[in-house]
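Visitor: Let me give you the structure first, and then I'll get to my questions.
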Amino acid sequence: MRTVAEGYGLNIDRSGMCLCPFHAEKTSSTKVYPHNIYCFGCGASADVIGFTQRLFSLSEPIEAVKKLNDDYDLHFAVGQAPTSAEVSEYHKRIAERRAYVEWEKQAWRTLHDYLWLMREWRELVPKSPDDVQDRRFVYALHHLDYAEYLCDEFLHVGRSGKLAMGDTIRNIENIIRMKG
Ligand SMILES: [Zn+2]
């Protein structure tokens, strides 16, 4: 969405906001999301195709598709039926996308659980200096910062960065399962 919005002349600031192309305004109230835009001023809401159609006053979405195809050299055979290879490639990509979304959800849950477990264990402070230290407390002493770091990192890196944390997350899953 951002690529297209910028390509068609919108100035998007660092927080993803820009002036609404669909109503006159002096301060930015349109937010550019990865797959769509939304204007908090006039309520305009569109995906890439809808945005292009409206921006250029095109009568049909297919006109916008053709324009995007040309302007961005996408080389789609617009108007031709896809081959069976293209269709199965499409289904494969959708399935991969779903699997990734599922993995991401689970991975975040794991990191989040880990952080809370560390916070819990960090409270298992020995009651007196003579008490034997609970090994979970000792572990949390060394890993609470790390758990916070991992959560923070996961929220800030993109897809490939998240996937690169896969082994770490698998190990943490085991730690949680065995509760240390
Ligand atoms: Zn607007």
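Read-outs throughout are calculated quantities, based only on the coordinates presented, and are distinct from any laboratory measurement. Quantities reported herein were computed from a predicted structural model and do not represent experimental measurements. Here the Cβ positions follow ideal geometry from the backbone for every residue, glycine too, while neighbour counts run over all protein chains shown.
Visitor: Going by what's in this entry, would residue 124 be described as free of Cβ contacts under 8 Å to residues at least 60 places away in the same chain, in contact with a helix residue (DSSP H, G or I) (Cβ under 7 Å, 6 or more places away or on another chain) and closer than 26 Å to residue 34 by Cβ?
Guide: Numbers: free of Cβ contacts under 8 Å to residues at least 60 places away in the same chain: yes; in contact with a helix residue (DSSP H, G or I) (Cβ under 7 Å, 6 or more places away or on another chain): yes; closer than 26 Å to residue 34 by Cβ: no.
Answer is no for this residue.
Visitor: Cβ-Cβ distance below 9 Å, separation of 6 or more or different chains: which pairs start in segment 31-43 with a residue that is within 18 Å of residue 53 (Cβ to Cβ) and without any contact (Cβ under 8 Å) to a residue 24 or more places away in the chain and end on one that is assigned to a strand (DSSP E or B) and within 9 Å of the ligand (Cβ to nearest atom)?
Guide: That search, which allows pairs on different chains as well, returns 38/30; 39/30; 42/30.
Each row is one residue, and each column tells you yes or no for (1) in contact (Cβ under 8 Å) with a residue 60 or more places away in the chain; (2) farther than 30 Å from residue 35 by Cα; (3) of a type outside the set (Phe, Trp, Tyr).
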residue	(1), (2), (3)
74	no, no, yes
97	no, no, yes
110	yes, no, yes
137	no, yes, no
149	no, no, no
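Visitor: Still on this structure, I have one more. Can you report the number of residues in segment 42-66 which are within 14 Å of the ligand (Cβ to nearest atom) and either under 15 Å from residue 3 (Cα atoms) or surrounded by 16 or more Cβ atoms within 10 Å (Cβ to Cβ) (or both)? Before the answer, list the steps.
Guide: Looking only at segment 42-66, we keep the residues that are within 14 Å of the ligand (Cβ to nearest atom), and these are 42-46, 50-51, 54-55.
Imposing the further condition that a residue be either under 15 Å from residue 3 (Cα atoms) or surrounded by 16 or more Cβ atoms within 10 Å (Cβ to Cβ) (or both) reduces the set to 44, 46, 50-51, 55.
Qualifying residue count for the region: 5.
Visitor: Which ones in segment 4-19 are under 15 Å from residue 51 (Cβ atoms) and of a type in the set (A, V, I, L, M)?
Guide: 4, 5, 10, 12, 19
Visitor: Check every one of the helices (runs of 4 or more DSSP H) wholly within segment 51-167 and list those with 3 or more residues that are within 17 Å of the chain's Cα centre (by Cα).
Guide: Filter on segment 51-167 gives 84-122, 135-156, 159-164.
Visitor: Kindly check whether there is at least one residue in segment 15-35 that is of a type in the set (Phe, Trp, Tyr) and away from the ligand (no atom under 16 Å from the Cβ).
Guide: Initial filter on segment 15-35 (of a type in the set (Phe, Trp, Tyr)): 22, 33.
Applying the additional criterion that residues be away from the ligand (no atom under 16 Å from the Cβ) yields none.
No.
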